[in-house]
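Written below as structure tokens is the structure these notes are about.
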Amino acid sequence: DDLRTHTLSYYDITLITEGTGSFTLDGSVAPIEKGMLFFSAPGQIRQWNFERMPQGLVLIFEEAFLCDYFNDARFVENLSYFCSFSNPPSMLLTDAEYRELVPLMETIYREIAEYETKDKHILRALLYHATMLLNRMYLQRYPVVDRKPEGRYIHEFRASVEKEFRQCRSVAFFADLLHITPGHLNDIVRCEMGITAKQFIIDRTMREAKRMLGYTGLSVNEVAMALNFENPSYFTRLFEKHVGVTPLQFRAKILEK
């Protein structure tokens, strides 16, 4: 397997300290350069393109490490850089920001190396500091307009889609789970994410299809069946419409890299 292209089961914040190339996350491309930050969440497909291995600092953590401690199940996913749909999953730090963040990340590294699991509270506090500092920096680049109260439905919608998208892609189905009308759900999703509810569901489905085509030996028909498409031809047409190439062409491109 090509380790440059993979999906994650954890959250990842990578700061580049040296290197060149490009980084792609679910189709969003950013350059690899000193001071560039990349934010990756579980399930996303990411790809590194470089001739020489970049250098950097990486924070890797699972949601429960922070959420359980703060008794806030949505703490991590509500960080602006992990929940933005219209802004990039990357950010170039200023020199001042770089000088502020690097020592903090290095302190986290030392805490892990010297104390391991002996005192998780200090490690959680340092990680909390880092994630909130980055949240402030990200919001300075990409301010968020105050959300309407209906935004509370977004978390439930996203969680429901993540759980059910392989079995059902009907907007009415998810609206029924939230006890609202399909039209209301569409309005909420469009306001919060800038896309329709249907587009969000299809985007999630296509992301999984790309993962399966790129990193499993399943045939196109088997991928279609796994995603509960009764008609493989329809799956192929939908994939080409949303991705720009056929499933086989997509797989060929992945294998070339």
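For the reader, a short list of remarks on this structure follows.
- Debye, to nearest 20: dipole size of the chain, +1 on Lys, Arg Cβ, -1 on Asp, Glu Cβ: 640
- Accessible-area composition of the chain, carbon plus sulfur, in percent [1.4 Å probe]: 51
- From the coordinates shown, percent of Cα pairs over 24 Å apart corresponds to which of [x] 43; [y] 55; [z] 50: [y]
- Diffusion coefficient of the range 90-209 by Stokes-Einstein, Kirkwood radius over Cα pairs, 4 °C, 1.567 mPa s: 74 µm²/s.
- Centroid-to-centroid separation of the range 185-246 and the range 25-90 [C-alpha atoms, Å]: 22
- With one equal scatterer per alpha carbon and no solvent term, the Debye-computed log10 I(q)/I(0) for the range 47-91 at 0.22, 0.26 1/Å reads -0.91, -1.00.
- Each Cα pair under 8 Å and six or more residues apart adds its sequence gap; the mean of these over the residue count of the range 48-183 is a relative contact order of 20 percent.
- Per residue, the chain exposes an accessible area of 55 Å² to a 1.4 Å probe, with every protein chain left in place.
- Loop-located trypsin sites (Lys or Arg not before Pro) in the range 1-88 (DSSP state not H, G, I, E or B) with no more than 10 neighbouring Cβ atoms inside 10 Å: 52.
- Acute angle (nearest 10 degrees) that the helix 152-164 long axis makes with the longest principal axis of the chain, alpha-carbon atoms: 70
- For the chain, the longest principal axis of the Cα atoms and the long axis of helix 182-193 meet at an angle of about 30 degrees.
- Of the GluC sites (Glu not before Pro) in the range 205-257, those whose Cβ has at most 11 other Cβ within 10 Å and which sit in DSSP loop: 230
- Nearest-ten-degree value, helix 247-256 long axis tilted from longest Cα axis of the chain: 30
- Amide H contacts under 5 Å for residue 36: 16, 93, restricted to partners 5 or more places along the chain or on a different chain, H placed in the peptide plane at 1.01 Å from N.
- Think of the chain as a dipole: +1 on every Lys or Arg Cβ, -1 on every Asp or Glu Cβ, centred on the Cα centre; then among 191, 130, 57, 191 lies furthest on the positive end.
- In a DSSP loop and with at most 15 other Cβ atoms within 10 Å, the chymotrypsin sites (Phe, Trp or Tyr not before Pro) in the range 1-92 are 10, 50, 85.
- Helical runs (DSSP H, four residues minimum) scored at -39500 (n - 2.57) apiece and divided by the length of the chain put the mean residue ellipticity at 222 nm at -16500 deg cm²/dmol.
The values are calculated or read from the model by the stated rules, or taken from the named source; none is laboratory data. Only a predicted model underlies this, so the values are computations on that prediction, with no experimental measurement involved. Note that each Cβ is placed from the backbone with ideal geometry, even for glycine, and that neighbours are counted across all protein chains shown. Note: accessible area is taken over every heavy atom of the protein model, side chains too, but ligands, DNA and RNA are not part of it. Shrake-Rupley method; radii C 1.70, N 1.55, O 1.52, S 1.80 Å.
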